[in-house]
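K.L.:
Okay, handing you the structure first.
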Amino acid sequence: MIGTIAITDEGWYEFLAARPGLHEVNFWSPSPRRKVVAPEFSPFLFKLRAPHNAICGFAYFARYSVLEDWLAWDCFSEGNGCESFREFQNRLGRLRRGFGFKEEEGQLSHIGCTLLVHPTFFPREDWVLQPSDWHVRTQVSKKYDLESGEGARVWQECLSRASAQRILTPVAAAGRSAGIGSVMFGDPNLVAPRLGQGTFRVAVTEAHDRACAVTGEHSLPVLDAAHIRPVAENGPHDVGNGLLLRTDLHRLFDRGYLTVTADRRLTVSPRLREDYQNGKSYYPLHGSTIRVPMNVDLGPQAEFLRWHNENVFRY
């Protein structure tokens, strides 16, 4: 099993360590130029710089995305390691000035986002000594075999710390192509990984190529990642349970005035006209075929669409 050890900003660690209830975090970089590649749901360990030279926690890799700074905040808020969007922007600006990063004038601010689930942070007394073969000049993330040598030693100590804290810990395993899905189980104290709303939103947005599945609208601030089967009704944060919809269509979908059939055609309920004496903007969309990802595995799955047809749609 391969894991990633990455250098962590101490302020990011301290902020998030004080918020143990977070399910997902954004290990972001001020520049999107260096992509992070790792196996899905593989361990991702946080290493502090000198003089600490220690592992202060870990999480599980979900996906890497390049996001606008506002979208990263919308999706993960305090999971970015800051208390407010203004603070987030200020920290981003300071880091960029520190290494001379320059954005193209007039362009949106994009950052590199390593999206992680099930974060665990250790108190200072439980920090794990970094790998003995970590070179003092290494300033980038590094892959380790977690089943042999120093990688195994560090990983087992991390699991031991998590077990002592009675933290339920998922085991890494390759999931489906969207980074959402199957897992394997083992010891100690293991649960299935469960992605949160933020990572779900990013996964659905990217699967649909940042365009509304119905209208093709590309203005990202008015697009929502809609659950077909809601989480409150045991729907998963799975890309196959998602549609990218314009915000007004999302609301109508959630309230049963729209649905998508298993053959991926939009249906507009006659109840919209009956209840609100309107709907003229929506009935022309009735019967249209929605846009779906090129990879059919990332598109809306028939089982969820049928559930919405049968349980939410207003006939």
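The values are calculated or read from the model by the stated rules, or taken from the named source; none is laboratory data. Note that the coordinates shown come from a computational prediction; the quantities given were computed from them, not determined experimentally. Methodologically, a virtual Cβ is constructed for each residue, glycine included, from the backbone with ideal geometry; neighbour enumeration extends over all protein chains shown.
K.L.:
Residue check: is LEU258 touching a residue at least 12 places away in the same chain (Cβ under 8 Å), over 17 Å from VAL202 (Cα atoms) and touching a helix residue (DSSP H, G or I) at 6+ places or on another chain (Cβ under 7 Å)? Show your work before the answer.
P.N.:
On the way: touching a residue at least 12 places away in the same chain (Cβ under 8 Å): yes; over 17 Å from VAL202 (Cα atoms): yes; touching a helix residue (DSSP H, G or I) at 6+ places or on another chain (Cβ under 7 Å): yes.
Against the criterion (touching a residue at least 12 places away in the same chain (Cβ under 8 Å), over 17 Å from VAL202 (Cα atoms) and touching a helix residue (DSSP H, G or I) at 6+ places or on another chain (Cβ under 7 Å)), LEU258 qualifies.
K.L.:
Still on this structure: Confirm whether SER31 is assigned to a loop (DSSP other than H, G, I, E, B), touching a residue at least 60 places away in the same chain (Cβ under 8 Å) and of a type in the set (S, T, N, Q). Give the steps one after another, and end with the answer.
P.N.:
On the way: assigned to a loop (DSSP other than H, G, I, E, B): yes; touching a residue at least 60 places away in the same chain (Cβ under 8 Å): yes; of a type in the set (S, T, N, Q): yes.
In short, yes.
K.L.:
Please work out which one of (1) at pLDDT 95 or above; (2) in contact with a strand residue (DSSP E or B) (Cβ under 6 Å, 6 or more places away or on another chain) is the condition PHE41 fails and give its number.
P.N.:
In the conditions (1) at pLDDT 95 or above; (2) in contact with a strand residue (DSSP E or B) (Cβ under 6 Å, 6 or more places away or on another chain), PHE41 misses (1) alone.
K.L.:
Can you name the residue in segment 127-151 that is part of a helix (DSSP H, G or I) and farther than 16 Å from ALA59 by Cα and, of all such residues, is nearest to the chain's Cα centre (by Cα)? Spell out the reasoning first.
P.N.:
As a first pass, look at segment 127-151 and keep what is part of a helix (DSSP H, G or I): 149-151.
Next cut, farther than 16 Å from ALA59 by Cα only: 149-150.
On the way: GLY149: 31, GLU150: 29 Å.
Taking the candidates together, the pick is GLU150.
K.L.:
Residues to consider are PHE76, PHE101, PHE88; find the one that is assigned to a loop (DSSP other than H, G, I, E, B) and either at pLDDT 95 or above or of a type in the set (A, V, I, L, M, F, W, C) (or both).
P.N.:
Numbers: PHE76 fails: assigned to a loop (DSSP other than H, G, I, E, B); PHE88 fails: assigned to a loop (DSSP other than H, G, I, E, B).
That would be PHE101, the only listed residue that is assigned to a loop (DSSP other than H, G, I, E, B) and either at pLDDT 95 or above or of a type in the set (A, V, I, L, M, F, W, C) (or both).
K.L.:
Out of all the residues in segment 4-40, which are surrounded by fewer than 21 Cβ atoms within 10 Å (Cβ to Cβ) and of a type in the set (Asp, Glu)?
P.N.:
ASP9, GLU10, GLU14
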